[in-house]
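Enquirer: The structure is given below, and queries will be raised subsequently.
The values are calculated or read from the model by the stated rules, or taken from the named source; none is laboratory data. Computed from a prediction, not measured in an experiment: that's the story for all the values here. Ideal geometry is used to build each Cβ from the backbone, glycine not excepted, and the neighbour counts take in all protein chains shown. Heads up: the accessible areas ignore ligands, DNA and RNA and are worked out on the full protein's heavy atoms, side chains in. Shrake-Rupley method; radii C 1.70, N 1.55, O 1.52, S 1.80 Å.
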Amino acid sequence: MTRLAWYGVRVFTDTAADDAPVPAPERLAALLSCEERAGRTDPYRAVAALLHVIARRHPER
């Protein structure tokens, strides 16, 4: 397989309680924007709780 890209997921929100209230729309939008940017930027993506890896399988020979 060839790794094409990788992203960190839950960089800032991993410590939020499962039953935490959803922030107001403008705060939620800002939080999601920060998460998206940090998830694709080193060194932040490396400390994320989860990773999304995009890969391509090599054809069998």
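Enquirer: Roll a 1.4 angstrom probe over the protein heavy atoms and tell me the percent of accessible area of the chain that is carbon or sulfur. Don't skip to the end; give the middle numbers.
Expert: Values: 2960 of 5310 Å².
Accessible surface attributable to carbon and sulfur in the chain totals 56 percent.
Enquirer: Right, next: Quick one: angle between helix 25-39 and the longest Cα principal axis of the chain, in degrees between 0 and 90, rounded to 10, please.
Expert: Roughly 30 degrees, rounded to the nearest 10.
Enquirer: Magnitude of the Cβ-charge dipole of the chain, K/R +1 and D/E -1, about the Cα centre, nearest 20 debye?
Expert: It works out to roughly 480 debye.
Enquirer: How many nm is it between the label spots at residue 19 and residue 3, if each spot is 7 Å from the Cα in line with the beta carbon?
Expert: 3.8 nm
Enquirer: Check which residues have an amide H placed less than 5 Å from residue 6's amide H, if you skip close sequence neighbours.
Expert: The answer is 54.
Enquirer: Can I ask one more? State in Å² the accessible area per residue of the chain; use a 1.4 Å probe, count heavy atoms of protein chains only, and round to the nearest integer. Intermediate results must be reported in sequence, preceding the final value.
Expert: Values: 5310 Å² over 61 residues.
Value returned for the chain: 87 Å² of accessible area per residue.
Enquirer: Would you calculate the separation in nanometres between label points at residue 50 and residue 31, each defined as 7 Å from the Cα along the Cα-to-beta-carbon direction?
Expert: 1.5 nm
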